1. Would you grab the residues whose amide H sits under 5 Å from the one on His168? Only those 5+ places off in sequence or on another chain, please, with H modelled 1.01 Å from N.
2. Please list, or write none, the lysines whose alpha carbon is within less than 17 Å of the alpha carbon of Lys111, excluding same-chain residues fewer than 8 places away.
3. Starting from 0.36 nm per residue, how many nanometres of slack lie between Met172 and Ile114 once their C-alpha separation is accounted for?
4. For the pair Gln183/Lys103, report the inter-label distance in nm, with labels modelled 7 Å from Cα in the Cβ direction.
5. Rounded to whole Å and ordered largest first, report the semi-axes of the equivalent ellipsoid of segment 104-146 derived from its Cα gyration tensor (root of 5λ).
6. Only Cα pairs under 8 Å and at least 6 apart count here; give the relative contact order of the chain as a rounded whole percent.
7. The chain: D in µm²/s via Stokes-Einstein (Kirkwood Rh, Cα pairs, 25 °C, 0.890 mPa s)?
8. Could you order the peptides 146-154, 110-118, 98-106, 127-135 from most to least packed, using the average number of other C-beta atoms within 10 Å per residue?
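The values are calculated or read from the model by the stated rules, or taken from the named source; none is laboratory data. Everything quoted here is computed from the prediction, not taken from an experiment. Cβ placement follows ideal geometry from the backbone for every residue including glycine, while neighbour counts extend to all protein chains displayed. These accessible areas exclude ligands, DNA and RNA; they are computed on the full protein's heavy atoms, side chains included. Shrake-Rupley method; radii C 1.70, N 1.55, O 1.52, S 1.80 Å.
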Amino acid sequence: MTLEPVNASGSAKLPFHQHAMLLYSNDEDKAPTKYVNEGLSRGHLTIYVPINTDNNASHMSKMASGIVNYEDDVNRGNLLTLGTRSFYNFALAGDLQPLEELKIMLEDAIKERIAFEKNDEVIVVVGIAAGLARNQKFNESINIESWWQKTHSEWLQKGLKVTIICPHSSAMLDKSQFVHYKQAISSLHDITLDPISR
């Protein structure tokens with residue numbers, strides 16, 4: 001696994017066709033939305049499942065305000081945002097069925113884009129595992145990351161062009177008592193993106 005710095009200028013270098021761990025230090029919304037915006041600017045189908053597990057209206061509004069042309073991209077079918085809470089609750093119970101349903105939905109969306117000769121690149125920015133880790137549910141977070149790694153490998157074998165970015169708090173995972181969890185989570189990714197905070 002390699003460690004890649006993120007461009008501090010505001011744009012994000014996409015780790016194409018990899019399952020990436022994004023370490024963020026401060027604002028949990030800004031680092032992931034850079035990747036959402038980059039994917040959208042390239043015309044990729046972009047799926048965003050933010051870290052916040054409250055799914056309250058103010059958080060969703062703040063998240064939307066950080067995405068350039070949010071409404072246009074939603075209306076054009078380029079951006080799909082999903083709430084985290086139900087995925088989070090199922091993951092706590094050890095039930096990954098909602099992720100399996102998301103997987104089928106994404107595969108169908110890719111097939112549809114190919115049929116309409118649209119860009120078939122997909123960016124998935126997903127904070128489910130990060131929300132679990134933030135609440136010290138590390139084993140559940142590892143289970144989710146393991147599922148994403150397995151699913152990503154399957155997608156690559158099928159020839160699907162999917163990039164998965166999983167944001168995680170370096171402030172949480174760098175604590176000495178949690179470093180072994182950071183190593184376990186990191187090992188389930190192809191690359192680690194280390195944003196430079198300014």
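1. Leu22, Leu23, Tyr24
2. Here the lysines satisfying the reach criterion relative to Lys111 are Lys103, Lys158, Lys161.
3. Working: separation 58, 0.36 × 58 = 20.88 nm, distance 3.99 nm.
Extending this stretch completely gives an extra 16.9 nm.
4. Computed distance between label sites Gln183 and Lys103 equals 2.9 nm.
5. Details: eigenvalues 198, 17, 8 Å².
Working through the eigenvalues yields semi-axes of 31, 9, 6 Å.
6. Numbers: 330 pairs, mean separation 80.9, N = 198.
This gives 41 percent for the chain.
7. Details: Rh = 16.7 Å.
Taking Rh from Cα pairs, D becomes 146 µm²/s.
8. On the way: 146-154: 16.8, 110-118: 12.7, 98-106: 14.9, 127-135: 24.9.
Per-residue Cβ counts within 10 Å, averaged per peptide and sorted highest first, yield 127-135, 146-154, 98-106, 110-118.
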